[in-house]
Amino acid sequence: TQLLEQSPQFLSIQEGENLTVYCNSSSVFSSLQWYRQEPGEGPVLLVTVVTGGEVKKLKRLTFQFGDARKDSSLHITAAQPGDTGLYLCAGGGAAGNKLTFGGGTRVLVKP
Amino acid sequence: GAVVSQHPSWVICKSGTSVKIECRSLDFQATTMFWYRQFPKQSLMLMATSNEGSKATYEQGVEKDKFLINHASLTLSTLTVTSAHPEDSSFYICSAYLRTAGKGEKLFFGSGTQLSVL
């Protein structure tokens with residue numbers, strides 16, 4: 001069974017601070033996605049990374065895929081209250097077309 | 001980006017009744033769709049894989065006779081919760097799978113359905 005472990009499970013910070021969410025596994029994935037979900041809504045895709053060592057930036061969000069394609073991180077610079085939500089990582093490719101989801105990280109950015 | 005439409009957004013029903021949830025891919029064909037269940041403040045739990053034109057594949061512990069899945073076309077999958085009971089109350093989310101050469105796999109999610117069984 002493949003597992004994706006996300007840490008931390010919960011993060012509460014003040015507006016303007018930085019934060020990093022980690023997603024780790026012992027399995028290799030052909031791709032890794034990050035999603036953000038707000039209460040009562042479906043997850044929204046933020047980014048997909050497919051190459052080991054790849055770094056992608058989306059405004060204040062920086063995503064990195066580990067060289068061995070087993071882990072990933074999401075870094076948010078100068079967090080804003082609008083960044084509040086549940087962040088989910090999901091790995092693809094090792095189990096057919098099913099994605100393996102991490103346990104999620106709840107982020108709360110206080111104004 | 002690709003759009004997946006899920007209906008209804010919320011439903012309240014009496015215990016013992018059946019509820020159908022629809023998931024449509026609006027601008028692409030999805031041979032594979034997935035159904036998830038999510039409890040408050042937790043991650044998504046995969047219930048089943050819906051394959052167009054064939055039987056769904058259920059995850060361990062999910063009752064296939066209770067959660068009926070039909071994927072009759074390339075753009076529509078339905079989940080029917082039969083004889084619903086209060087313990088079936090949950091947030092149900094569908095997603096449609098899209099694989100693009102060189103861009104990896106992507107899942108596009110519906111907006112979810114909050115089911116409350118009285």
Residue selected from the range B:46-61 under the condition in contact with a Phe, Trp or Tyr (Cβ under 9 Å, 6 or more places away or on another chain) and touching a residue at least 12 places away in the same chain (Cβ under 8 Å), by the criterion farthest from B:G112 (Cα to Cα): B:A56
Of the residues in the range A:69-86, those that are of a type in the set (A, V, I, L, M) and within 19 Å of A:S7 (Cα to Cα) come to A:L74, A:I76, A:A79, A:L86
Would you call A:D71 among the charged types (D, E, K, R) and buried (at least 18 other Cβ atoms within 10 Å of the Cβ)? yes
Just for the range A:91-105: of the residues that are buried (at least 22 other Cβ atoms within 10 Å of the Cβ) and more than 7 Å from every other protein chain (Cβ to nearest Cβ), which one is modelled with the highest pLDDT? A:T105
Any residue at all in the range A:2-16 that's within 27 Å of B:C94 (Cα to Cα) and either basic (K, R) or without any contact (Cβ under 8 Å) to a residue 24 or more places away in the chain (or both)? no
Output the number of residues of the range A:51-68 satisfying the condition of being closer than 13 Å to A:G91 by Cβ and buried (at least 19 other Cβ atoms within 10 Å of the Cβ). 2
If you go through the range B:36-59 one residue at a time, do you hit one that is surrounded by 17 or more Cβ atoms within 10 Å (Cβ to Cβ), in a strand (DSSP E or B), away from chain A (no Cβ under 14 Å) and out of contact with any Lys or Arg (no Cβ under 8 Å at 6 or more places or on another chain)? no
Restricting the search to the range B:64-118, which residues are basic (K, R) and either more than 8 Å from chain A (Cβ to nearest Cβ) or buried (at least 16 other Cβ atoms within 10 Å of the Cβ) (or both)? B:K64, B:K66, B:K106
Flag if B:A101 is of a type in the set (A, V, I, L, M) and within 16 Å of the chain's Cα centre (by Cα): no
Just to verify a result, which residue in the range B:1-29, among those that are within 11 Å of chain A (Cβ to nearest Cβ) and in contact with a Cys (Cβ under 9 Å, 6 or more places away or on another chain), is surrounded by the most Cβ atoms within 10 Å (Cβ to Cβ)? B:C23
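The values are calculated or read from the model by the stated rules, or taken from the named source; none is laboratory data. Small disclaimer: the values here were computed from a predicted structure and weren't measured. Don't worry about glycine lacking a Cβ; one is built from the backbone with ideal geometry, like all the others, and counts go over all protein chains shown.
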